[in-house]
Amino acid sequence: HKTAHEIKRLSDFFTHKGIRFIFLPIPNKENIYHQDLGTAKPLFLEKLIVDLRQSGVEVADAQKTFDEITSKTSTPLYHRDDTHWNQAGVQAAARLIEDILRDPPPQTIIR
């Protein structure tokens with residue numbers, strides 16, 4: 001909740017200045033490929049996104065986007081021998097942001 005509170009504070013700061021704030025958390029490689037590692041899916045990012053949306057922060061949910069891509073295709077989103085996202089991951093995130101920017105910002109109440 002502390003992380004969500006700090007991000008909300010930043011969102012409010014920029015929103016008060018007339019700047020659209022979109023939080024784009026990029027999931028770690030193990031969030032997307034947890035099954036290949038034989039581990040449980042980390043839940044921090046999903047919980048953070050819920051908390052942020054409930055507090056009125058606009059979020060680009062790359063976790064959901066990456067999950068959808070990996071469930072439908074075999075396209076790798078991260079480098080095989082590295083934890084950084086590859087060109088396909090960057091393109092997926094860019095398309096997500098592009099789709100969000102095509103819509104007007106949500107009306108939020110700043111408290």
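The values are calculated or read from the model by the stated rules, or taken from the named source; none is laboratory data. The structure presented is a predicted model; accordingly, all values stated were derived computationally and were not measured. Virtual Cβ from ideal backbone geometry, glycine too; neighbours counted across all protein chains shown. Each accessible area value is taken on the protein alone, full model and side chains, heavy atoms only, with ligands, DNA and RNA left out. Shrake-Rupley method; radii C 1.70, N 1.55, O 1.52, S 1.80 Å.
Taking every DSSP helix (H) stretch of at least 4 residues in the chain, weighting each as -39,500 (n - 2.57) and dividing the sum by the residue count yields a mean residue ellipticity at 222 nm of -16000 deg cm²/dmol.
The figure for K47 is an accessible area of roughly 130 square angstrom, using a 1.4 Å probe on the protein chains alone.
The heavy atoms of F44 offer some 130 square angstrom of accessible surface to a 1.4 angstrom probe.
For the chain, lysine pairs with C-alpha atoms less than 23 angstrom apart, excluding pairs fewer than eight positions apart on the same chain, total 14.
Evaluating kT/(6 pi eta Rh) at 37 °C and 0.692 mPa s, with the Kirkwood radius of region 13-75 over Cα pairs in the Stokes-Einstein relation, gives 250 µm² s⁻¹.
For region 51-111, the convex hull spanned by the alpha carbon atoms encloses 106 Å³ per residue. In the context of the full set of protein chains, residues of region 1-79 present 62 Å² of accessible surface per residue (probe radius 1.4 Å, heavy atoms only). Taking the 1.4 Å solvent-accessible surface of the chain as the whole, the part contributed by carbon and sulfur is 55%. Placing one equal scatterer on every Cα of the chain and applying the Debye formula, the log10 ratio I(q)/I(0) at q = 0.15, 0.16, 0.17, 0.21 Å⁻¹ is -0.71, -0.79, -0.87, -1.16.
Relative contact order of the chain: 26 percent, from C-alpha pairs under 8 Å at least 6 residues apart in sequence.
Summing charges over neighbours of Q91, with a neighbour being any other residue whose Cβ is under 13 Å away from its Cβ, gives -1 when K and R count +1 and D and E count -1.
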